[in-house]
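Worksheet: one structure, shown below.
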Amino acid sequence: MAGVLDEIMEESEDTQKGKFLTFFVGKESYGIEIKFVTEIIGIQDITEVPELPIYVRGIINLRGKIIPVIDVRLRFKKEAKEYNDRTCIVVIDIKGISVGLIVDNVAEVINIDDSNIVPPPDIKTGFHNRYVRGIGKVGKEVNLLLDCDKLLTDGELDKIYETV
Amino acid sequence: MSREPMLEVYIFEATQLMEQLEEISIECEKSKKIGTEAINEIFRVMHTIKSSSAMMMFNNISVLAHSLEDLFYFIRENKGETIDFENLFDLVLSGIDFIKGEVSKIQNNGEADGSSEILVLKSSSLLRNMKETNAEIIKNDSTEQKEDTKHYISSYQSGDEEGKQKYVARIFYEDGCEMENVRAYTVVHNLKNIANEIYHLPKDIIESNDSVEDIRKNGFLIGFSTSERKEKIEEQLNEIIFLKELELLQVEEYPPELKVLKRKKEIILDQPIETMKINKEETPPLTITGKQQSIISVNISKLDMLLDLVGEIVITEAMVTKNPDLEGLQLENFNKAARQLRKLTNELQDIVMSIRMVPVSMTFHKMNRIVRDMGKKLNKEVELEIIGEETEVDKNIIDHISDPLMHLVRNSLDHGLEEKEERIASGKPEMGKITLEAKNAGGDVFIIVRDDGRGLDKKSIYEKAKLQGLVTKLEEELTDKEIFSNILLPGFSTNETVTEYSGRGVGMDVVKKNIDSIGGTISIESSRGCGSEISIKIPLTLAIIDGLEVAVGKSKYTIPIISIRESFKPKENEVIADSDGNEMIMIRGEAFPIYRLHRIFNIKTEVTGSNEGIMVLVEDNTKAACLFVDSLIGEQQVVVKALPTYIKKAKGIAGCTILGDGNISLILDVSSILDR
């Protein structure tokens with residue numbers, strides 16, 4: 001895992017294009033654009049912060065920097081699962097905001113060409129459809145590509161603050 | 001934001017000079033006289049601004065500064081003459097405003113495009129008026145004056161002449177060392193510290209270009225008198241770089257060519273510089289060098305970074321010395337070293353904090369201007385008294401109190417102080433008085449704005465608050481302080497008429513918001529007819545606080561020590577609950593509500609029985625309550641960190657901190673918990 005990360009860091013912006021970090025949450029495989037990922041760390045002690053939505057598990061101390069962590073399972077309204085040694089925190093950085101995503105396990109870094117990405121089906125039944133910006137095909141497998149912006153800022157948090 | 005260094009320096013210098021000038025002007029106007037020192041100071045400031053603006057091609061500023069300089073040049077020449085103070089300082093202050101405005105335009109990367117023409121015209125017409133009244137005197141003085149400034153630079157005089165020996169030195173520099181004139185100037189400059197008169201040939205070393213040639217050919221001739229011994233001087237002169245030849249002679253009289261200079265200078269020194277001479281003598285020559293503090297200006301963000309870093313070091317130090325791996329080991333030498341480390345980190349922390357401390361005097365003196373301007377507009381005579389301006393607070397805090405203070409002073413002037421007639425009728429002195437006070441008390445700084453005006457009208461405040469649905473209790477049930485605190489609420493203004501300065505009801509809640517954001521509190525006291533007093537209590541610093549660590553379930557919380565009154569273990573039967581399940585406790589005959597932290601924050605814990613945990617009695621300004629926690633961990637200095645922006649603000653949490661073991665502890669916001 002550390003090796004994967006080093007590779008990522010060494011590569012320049014250009015070569016990051018079309019590369020996705022894939023991870024599992026439950027049975028599904030998700031992909032996230034590599035340029036958002038800062039690092040991957042094992043699960044840590046999480047300090048709970050009161051009065052936050054349930055999927056924001058709290059804050060962690062990342063070498064003196066304090067970042068909030070979101071449980072992706074809970075974010076997608078799946079059942080909570082006990083954390084184990086496969087559980088990872090993917091630290092992403094979007095527009096200067098660092099956030100940790102708790103995922104079941106991290107798989108690999110893959111290349112997906114734009115031609116292999118199709119938009120998600122236009123049915124509103126799937127409850128996490130709105131966080132998926134596309135579906136990437138790699139061989140026979142499919143990856144749900146996440147829209148990081150929406151994952152963090154979809155107004156849900158704001159609504160919660162208003163009611164508190 | 002990177003600007004050209006030159007521009008950066010210019011902006012910094014201009015801003016400082018303007019503030020300095022403003023202070024002097026207001027001081028002079030208040031005392032209705034202008035001392036020689038003040039004139040010289042203003043003249044100097046204007047001169048600096050003029051030349052640096054011209055250099056930076058800000059012509060509008062330069063022209064204005066030039067015309068003001070002319071004005072003060074004239075005043076300097078005709079000191080003691082009657083001056084139209086009001087017009088003069090109105091002009092100077094509007095000049096300051098103009099320059100300030102232009103500088104801030106430049107600062108925001110804009111063009112300094114304002115036109116100073118009107119001000120310049122005003123200035124010259126004022127000058128003409130003054131000239132007409134004092135027409136005759138100018139003729140006598142001006143010619144002489146012009147000459148002396150030139151010579152004064154190249155000579156230096158201090159102290160008396162007893163016990164001094166006269167020396168003459170001729171200095172030759174090595175061929176091709178270049179810039180002989182600058183080198184010569186350095187020699188003169190160095191000698192100034194020990195000598196009390198210096199004459200040299202060529203006489204204008206820096207200004208004239210011929211001086212280089214002259215020094216190369218004839219050497220640099222210098223005559224001076226000093227009480228130092230010859231060997232010492234020789235030693236000093238020999239240290240000159242690129243020195244080829246040095247002749248040092250002890251003499252009874254200076255050689256003729258230097259004597260000429262001396263005589264010439266003495267004549268000039270006799271009259272116009274008289275006052276300057278007196279000034280010099282007042283301060284003993286020795287302290288002149290000692291007083292020059294070397295000051296550098298540092299970007300505040302660098303200081304913030306330094307502070308963060310020191311905070312990290314404090315945490316890391318605790319991480320190392322309290323490392324669980326060390327438990328149970330006998331480590332005598334390690335402990336010794338660790339103690340030393342702790343001592344040093346504490347010192348480091350103190351120093352970093354002290355770097356960030358700034359006296360409030362600047363902020364206070366800005367109020368002078370507001371009082372002056374408003375007093376004129378509202379036709380009220382007001383005296384501003386400043387107490388404790390040397391009190392120091394963190395730079396961050398200074399930035400936050402400037403606006404609130406301005407609002408408060410405006411309010412006092414506009415609402416608080418009565419009209420002249422009203423004051424006389426009620427037997428008060430005609431001149432109103434506003435007092436600004438700053439003082440240290442424990443870990444807090446108090447900033448107090450006091451006026452001797454009409455005071456707050458308790459009844460009308462209460463009624464208005466009731467009308468707007470801000471209070472529900474009866475008037476008798478509320479304390480004075482509680483009623484007065486209503487004026488801090490948004491949208492509350494008792495002033496019926498809106499004036500230019502205040503009365504829209506936005507002021508006070510902005511004040512409160514600003515003060516809240518730095519963790520301060522406001523309390524208001526007032527008595528009808530005698531005036532009111534608004535005191536702001538702010539913490540000395542925001543970055544590092546003393547906290548009490550408590551445990552609730554698996555989480556750890558930090559309660560700021562300043563808000564803790566006591567902590568104790570309750571007995572089962574002491575806790576009583578009302579019909580709604582609200583718990584309370586009697587302590588020495590007073591009932592306090594109980595907030596169980598695990599309930600407020602919804603934390604799983606095994607400690608629920610009242611006699612199992614610990615009560616911490618906290619207070620904030622007017623309210624107090626008991627917080628119920630599982631156990632106390634200990635007292636600790638913590639470095640306050642903000643919660644991540646993504647989480648924004650969790651109610652009841654002021655921030656967080658990293659503990660010695662790397663875990664995070666949340667810092668409670670006591671006042672917001674008490675407001676529940």
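The values are calculated or read from the model by the stated rules, or taken from the named source; none is laboratory data. Predicted, not measured: the structure shown is a model, and the values here were computed from it. With ideal geometry, Cβ positions are generated from the backbone for all residues, glycine too; neighbour counts draw on all protein chains shown.
The table for this structure:
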{"item": "Criterion (modelled with pLDDT of 70 or more, in the same structural domain as B:Glu197 (by TED's automatic domain parsing), of a type in the set (A, V, I, L, M) and more than 30 Å from B:Asn78 (Cα to Cα)) met by exactly one of B:Leu258, B:Leu309, B:Leu249, B:Leu243", "result": "B:Leu249"}
{"item": "Among residues of segment B:563-583, those that are over 21 Å from B:Glu635 (Cβ atoms) and either of a type in the set (A, V, I, L, M, F, W, C) or in contact with a Pro (Cβ under 9 Å, 6 or more places away or on another chain) (or both), counted", "result": "5"}
{"item": "Which listed residue, of B:Ile647, B:Ile667, B:Ile633, is β-branched (Val, Ile, Thr) and under 30 Å from B:Ser535 (Cβ atoms)", "result": "B:Ile667"}
{"item": "Residue among B:Gly453, B:Gly427, B:Gly469 that alone is at pLDDT 80 or above, over 35 Å from the mean Cα position of the chain (by Cα), assigned by TED's automatic domain parsing to the domain that holds B:Leu378 and in a loop (DSSP other than H, G, I, E, B)", "result": "B:Gly427"}
{"item": "Segment B:109-137, residues that are at pLDDT below 75 and more than 36 Å from the chain's Cα centre (by Cα)", "result": "B:Met130, B:Lys131, B:Glu132, B:Thr133, B:Asn134, B:Ala135, B:Glu136, B:Ile137"}
{"item": "Enumeration of residues in segment B:560-574 that are part of a strand (DSSP E or B) and either without any contact (Cβ under 8 Å) to a residue 12 or more places away in the chain or in contact with a helix residue (DSSP H, G or I) (Cβ under 7 Å, 6 or more places away or on another chain) (or both)", "result": "B:Pro560"}
{"item": "Within segment B:628-650, tally of residues that are within 11 Å of another protein chain (Cβ to nearest Cβ) and in contact with a helix residue (DSSP H, G or I) (Cβ under 6 Å, 6 or more places away or on another chain)", "result": "1"}
{"item": "Looking only at segment A:50-71, and only at residues there that are of a type in the set (D, E, K, R) and modelled with pLDDT under 85, the one that is surrounded by the fewest Cβ atoms within 10 Å (Cβ to Cβ)", "result": "A:Arg63"}
{"item": "Among residues of segment A:27-49, those that are buried (at least 18 other Cβ atoms within 10 Å of the Cβ), at the interface with chain B (Cβ under 9 Å from one of its Cβ atoms) and not β-branched (Val, Ile, Thr), counted", "result": "1"}
{"item": "Count - residues of segment A:94-106 that are at pLDDT 85 or above and either out of contact with any Gly (no Cβ under 9 Å at 6 or more places or on another chain) or within 10 Å of another protein chain (Cβ to nearest Cβ) (or both)", "result": "8"}
{"item": "Residues that are among the hydrophobic types (A, V, I, L, M, F, W, C) and within 12 Å of B:Glu22 (Cα to Cα), drawn from segment B:83-97", "result": "B:Phe89, B:Leu91, B:Val92, B:Leu93, B:Ile96"}
{"item": "Single match in A:Lys81, A:Lys137 (criterion: surrounded by 12 or more Cβ atoms within 10 Å (Cβ to Cβ), at pLDDT 80 or above and out of contact with any strand residue (DSSP E or B) (no Cβ under 8 Å at 6 or more places or on another chain))", "result": "A:Lys81"}
{"item": "Qualifying residues in segment A:54-71 (those that are more than 16 Å from the chain's Cα centre (by Cα) and more than 10 Å from every other protein chain (Cβ to nearest Cβ)) - the one farthest from A:Asp93 (Cα to Cα)", "result": "A:Ile54"}
{"item": "Flag for B:Thr321 being touching a Gly at 6+ places or on another chain (Cβ under 9 Å) and away from chain A (no Cβ under 14 Å)", "result": "yes"}
{"item": "Test: B:Val358 is surrounded by 13 or more Cβ atoms within 10 Å (Cβ to Cβ), more than 14 Å from chain A (Cβ to nearest Cβ) and modelled with pLDDT under 85", "result": "yes"}
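Every residue, every condition in (1) buried (at least 17 other Cβ atoms within 10 Å of the Cβ); (2) outside the structural domain of B:Ser460 (by TED's automatic domain parsing), yes or no:
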| residue | (1), (2) |
| --- | --- |
| B:Leu344 | no, yes |
| B:Asp350 | no, yes |
| B:Asp373 | no, no |
| B:Glu381 | no, no |
| B:Asp394 | yes, no |
| B:Leu408 | yes, no |
| B:Asn411 | yes, no |
| B:Gly416 | yes, no |
